Structure formats: structure tokens, C-alpha cells
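The values are calculated or read from the model by the stated rules, or taken from the named source; none is laboratory data. Since the model is a prediction, treat every value here as computed from it, not as a measurement. Every residue, glycine among them, receives a Cβ derived from its backbone with ideal geometry; neighbour counts consider all protein chains shown. Only protein heavy atoms, including side chains, enter the accessible area calculation; ligands, DNA and RNA are left aside. Shrake-Rupley method; radii C 1.70, N 1.55, O 1.52, S 1.80 Å.
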Amino acid sequence: LVEFQLVRLDLKIKKWLFDKFQEYWDNQPALRQSKRFLEGFCSTRTRELLLLPKRKFIYRTRGHGKFRYHLKKMKVIQEDDCRFCGVEPETAEHILCDCGKLQWKRFSTFRNYYLDPPDFRGYSVKSLIEFLNVIGIFDDE
């Protein structure tokens, strides 16, 4: 009986923590890119992300890093056109979801030619990083 009560208490604590993490996530005014791709708090995805070196974690979860749209905003480069198609601004969403020149590479990793940000909730962080490395966005880190 005592063991059952401890297990029940443990589950209540985990649920309370999950609810607190979710509340924190929901109340963040920023994180626009992250929120489009991630549903909310997920302990499995959090563990995967926390295993990344800090710089890679930030680059890959916030749309920062070597995406030309971000580099232009930082005044590092002049143009933000996609390096692959040259049609749209090169954002994380454009590269991951709908750049026409990357449809075959996207298919080889995700088994879909075009994706919406919520679709990534079903993929591992490893597959996302694999795709970005295959196309050369982060290959020199």
C-alpha cells in the first residue's frame, strides 16, 4: 500500500512539473519559430536538445545561425534570398518545409516532399539535424 501511494505521489509530482513547464512555454512572448515547430513541452525532445552543444541548440531551435534571413537581420550579409532556390527569403521554415529545390533531399530524410511546421513534432531532433547537415547549412560547425 505504501509503495502504491509513493508511485501515485510520483505521478502527481510529474504531472505538476509538466503543467508548470507547459505554462512557462505558453506564456513566453517570444520563441515564435520554436512554437511553430514544437507543440509544447516534451520531455523526450527536451532530452535530445539538451544533449546538443549550447550554440547548436540555439541555432537549431530558434531559426538562428546560418539562415540568411537571420544573417541579414544581423547585418552580416546584404541579401536573404534562399541559397538553393533564390526565390524566397531563407528562413528555417522555408528550408525545412517548402523550398522546391530541396524537395528530394527532404523526401529522403522525412518521406515527404513538403511539410508544415507542426509535422516536425513527429520527427526526432536527430533526423532534423541530419537533414540540415545533408543540405550543408551546418556542415562546418
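Looking only at region 117-140, decide whether some residue is among the charged types (D, E, K, R), modelled with pLDDT of 90 or more and touching a helix residue (DSSP H, G or I) at 6+ places or on another chain (Cβ under 6 Å).
No: zero hits.
Taking region 106-126, which residues are assigned to a helix (DSSP H, G or I), open to solvent by less than 50 Å² (accessible area, probe 1.4 Å) and of a type in the set (A, V, I, L, M, F, W, C)? Step through it out loud before you land on a result.
To start, the set of residues in region 106-126 that are assigned to a helix (DSSP H, G or I) comprises 106-110, 117-122, 125-126.
Those left that are additionally open to solvent by less than 50 Å² (accessible area, probe 1.4 Å): 106, 109-110, 117, 120, 125.
Within region 106-126, PHE110, PHE120, VAL125 meet the criteria.
Check ASP80 against each of (1) modelled with pLDDT of 80 or more; (2) closer than 23 Å to ASP119 by Cα and name the one condition it does not meet.
Going through (1) modelled with pLDDT of 80 or more; (2) closer than 23 Å to ASP119 by Cα one by one, ASP80 breaks only (2).
Can you tell me which residues in region 32-70 are part of a loop (DSSP other than H, G, I, E, B), open to solvent by less than 60 Å² (accessible area, probe 1.4 Å), modelled with pLDDT under 75 and farther than 18 Å from ASP19 by Cα?
LEU52, GLY63, GLY65
When you check GLN103 against the structure, is it polar (S, T, N, Q), at pLDDT 90 or above and in a loop (DSSP other than H, G, I, E, B), yes or no?
no
Quick test of your reading of the structure: GLU90 fulfils all but one of (1) surrounded by fewer than 14 Cβ atoms within 10 Å (Cβ to Cβ); (2) in contact with a strand residue (DSSP E or B) (Cβ under 8 Å, 6 or more places away or on another chain); (3) charged (D, E, K, R). Name the failing condition by number.
Only one criterion in (1) surrounded by fewer than 14 Cβ atoms within 10 Å (Cβ to Cβ); (2) in contact with a strand residue (DSSP E or B) (Cβ under 8 Å, 6 or more places away or on another chain); (3) charged (D, E, K, R) is unmet by GLU90, namely (1).
Take the residues of region 73-87 that are outside any strand (DSSP E or B) and in contact with a Pro (Cβ under 8 Å, 6 or more places away or on another chain): which is surrounded by the most Cβ atoms within 10 Å (Cβ to Cβ)?
For region 73-87, the residue satisfying everything is CYS82.
In the set LEU17, LEU11, LEU6, which member is of a type outside the set (Asp, Glu), open to solvent by less than 100 Å² (accessible area, probe 1.4 Å) and assigned to a helix (DSSP H, G or I)?
Exactly one residue qualifies, and that residue is LEU17.
Do the conditions hold for ILE129, that is, is it part of a helix (DSSP H, G or I) and touching a Lys or Arg at 6+ places or on another chain (Cβ under 9 Å)?
yes
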